[in-house]
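Some notes on the structure that comes next.
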Amino acid sequence: MRAVFDPNVLISAALSARGAPAELMRQWRLGEFELVVSPSLLADLERAFGYPKLARLTPPGDGDRLVAFLTAEAETAADPAQPLPIRSEDPGEDYLLALSLDRGAALVSGDKHLLAFADELPVYSPADFLGLLSQRDPE
């Protein structure tokens, strides 16, 4: 199973060792699924760590370290070039839908604009994706 995490999920995991986002990162590290990233996702994440509000909440360099770790350990895919047949209410999030569809991965997000696609696409909240992982048969 593959997953694409919205940068908001990665940021939540970096901010707190508790909660579904942090547990998903632990599950990924244990090999329960493959995490897919792309240049756009990593750039978005890096940019978010530079926002003053987030910079106040994290030690200097945490964002850079997370981006470097993901670059080294996650499956890096090219940003899809094909336009999507569907569009989010927030066009800035469409790249996540495209990456998820292109790589055959579930999209994990806390963003209501993306979760709105849950009836059509494999889009999950962090808690729902964690529940999905717990229901799988051990391999």
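How large, in percent, is the carbon and sulfur part of the accessible surface of the chain at a probe radius of 1.4 Å? The partial results should precede the final answer.
Values: 3940 of 7670 Å².
Answer for the chain: carbon and sulfur cover 51 percent of the accessible area.
Quick query: amide H of Leu107 versus all other amide H atoms, modeled in the peptide plane; which residues come in under 5 Å with a sequence gap of 5 or more or a different chain?
So Leu107 has HN proximity to Val4, Val123, Tyr124.
What does the helix-only formula give at 222 nm for the chain: each DSSP H stretch with n ≥ 4 adding -39500 (n - 2.57), the total divided by the residues, and the result rounded to the nearest 500 deg cm²/dmol? Numbers along the way, then the final one.
Working: 8 runs with 72 residues, N = 139.
Dividing the helical sum by the residues of the chain leaves -14500 deg cm²/dmol.
Of all DSSP beta bridges in the chain, what percent run antiparallel (nearest 5)? Walk me through the intermediate numbers first.
On the way: 0 of 10 bridges.
Approximately 0 percent, going by the DSSP bridge assignments.
In debye, nearest 20: dipole of the chain around its Cα centre with unit charges on the Cβ of K, R (+) and D, E (-)?
On the way: 12 positive and 22 negative charges, 100 e Å.
Around 480 debye, computed over the chain.
Among the GluC sites (Glu not before Pro) within region 1-97, which fall in a DSSP loop and have no more than 11 other Cβ atoms within 10 Å of their own Cβ? Could the numbers behind the result be given before it?
On the way: sites: Glu23, Glu32, Glu34, Glu46, Glu73, Glu75, Glu89, Glu93; in loops: Glu32, Glu89.
Loop-located and lightly packed - Glu89.
Just flag the trypsin sites (Lys or Arg not before Pro) in region 1-66 sitting in loop per DSSP whose Cβ has no more than 13 other Cβ atoms within 10 Å.
Numbers: sites: Arg2, Arg18, Arg26, Arg29, Arg47, Lys53, Arg56, Arg65; in loops: Arg18.
Counting only loop positions with at most 13 other Cβ atoms within 10 Å, the trypsin sites (Lys or Arg not before Pro) in region 1-66 are Arg18.
Just to confirm, what accessible area per residue do you get for the chain at 1.4 Å probe, in whole Å²? Could the numbers behind the result be given before it?
Working: 7670 Å² over 139 residues.
Normalised by residue count, the accessible surface of the chain is 55 Å².
Could you tell me the distance between the Cα centroids of region 9-72 and region 96-131, to the nearest Å?
17 Å
The values are calculated or read from the model by the stated rules, or taken from the named source; none is laboratory data. Predicted model only: the values in this text are computed from it and were never measured. With ideal geometry, Cβ positions are generated from the backbone for all residues, glycine too; neighbour counts draw on all protein chains shown. Protein only, heavy atoms only, side chains kept; ligands, DNA and RNA dropped before computing areas. Shrake-Rupley method; radii C 1.70, N 1.55, O 1.52, S 1.80 Å.
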